[in-house]
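Trainee: Right, I'll just put the structure down here and ask away after.
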Amino acid sequence: MTLAKFSRFLLTVFSVVFLSAVAMAGDMDLVSAKRAGLIGETSDGLVAATLPNPSPEVTSLVNNTNRGRMVVYKQTAAKETIPVAEVQKIAAQKMFSMATKGELLMVGGQWVQKK
C-alpha cells in the first residue's frame, strides 16, 4: 500500500472511530456504554457486549455500531483492494490504541481493562 493510500485509509479509520463515538441507541451512546463497561472493542474492529444477557438497548447499540463499521470497512477494502479482514485488523489496532484507561478490550478471548 502506498503512503498516499495508507493516509487515506487512516482517514477512513478515523472516520469510523468518530462515527462510532456518536452512534446512539435510545438514550445510550457508544462512549457512555464503553465507559460504563457495557461494551468493549474486539480484535476484529467491532464492538461487543461485555456481559452476558445484555439489555435490548446495549444489543441495539452493538448491532448498529457494527453494521455501520462494516459498511465503512467493506468500502475501504474495495477502494484499497485489500481484504476486509485486513481493514478490520488495522481498525482494531487503532481503536485499541485510542481506547481510554479503564475501557474493556477483548484480548486473547478475555475482556481486559486498558491500563
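Trainee: Please report, ordered by residue number, the strands (runs of 3 or more DSSP E) entirely within segment 23-115 with at least 1 residues that are touching a strand residue (DSSP E or B) at 6+ places or on another chain (Cβ under 9 Å) and among the β-branched types (Val, Ile, Thr).
Mentor: In segment 23-115, 39-41, 47-49, 110-113 are the strands (runs of 3 or more DSSP E) which contain 1 or more residues that are touching a strand residue (DSSP E or B) at 6+ places or on another chain (Cβ under 9 Å) and among the β-branched types (Val, Ile, Thr).
Trainee: Determine whether Ala91 is among the aliphatic types (A, V, I, L, M), without any contact (Cβ under 8 Å) to a residue 40 or more places away in the chain and out of contact with any His (no Cβ under 8 Å at 6 or more places or on another chain).
Mentor: no
Trainee: Hey, another quick one. Take the residues of segment 71-105 that are touching a helix residue (DSSP H, G or I) at 6+ places or on another chain (Cβ under 8 Å) and hydroxyl-bearing (Ser, Thr, Tyr): which is nearest to Lys34 (Cα to Cα)?
Mentor: Restricting to residues being touching a helix residue (DSSP H, G or I) at 6+ places or on another chain (Cβ under 8 Å) and hydroxyl-bearing (Ser, Thr, Tyr), the top hit is Thr100.
Trainee: Next question, about the same structure. For Glu57, all conditions in the list (1) loosely packed, with under 14 Cβ neighbours inside 10 Å; (2) more than 15 Å from the chain's Cα centre (by Cα); (3) within 16 Å of Val31 (Cα to Cα) hold save one; what is the number of the exception?
Mentor: Condition (1) is where Glu57 drops out.
Trainee: Please tell me if Asn53 is at positive phi, at pLDDT 95 or above and not small (Gly, Ala, Ser).
Mentor: So Asn53 fits the description; yes.
The values are calculated or read from the model by the stated rules, or taken from the named source; none is laboratory data. Predicted model, so just to flag it, every value in this text is computed and none were measured. All Cβ positions, even for glycine, are placed from backbone atoms using ideal geometry, and neighbour counts span all protein chains on display.
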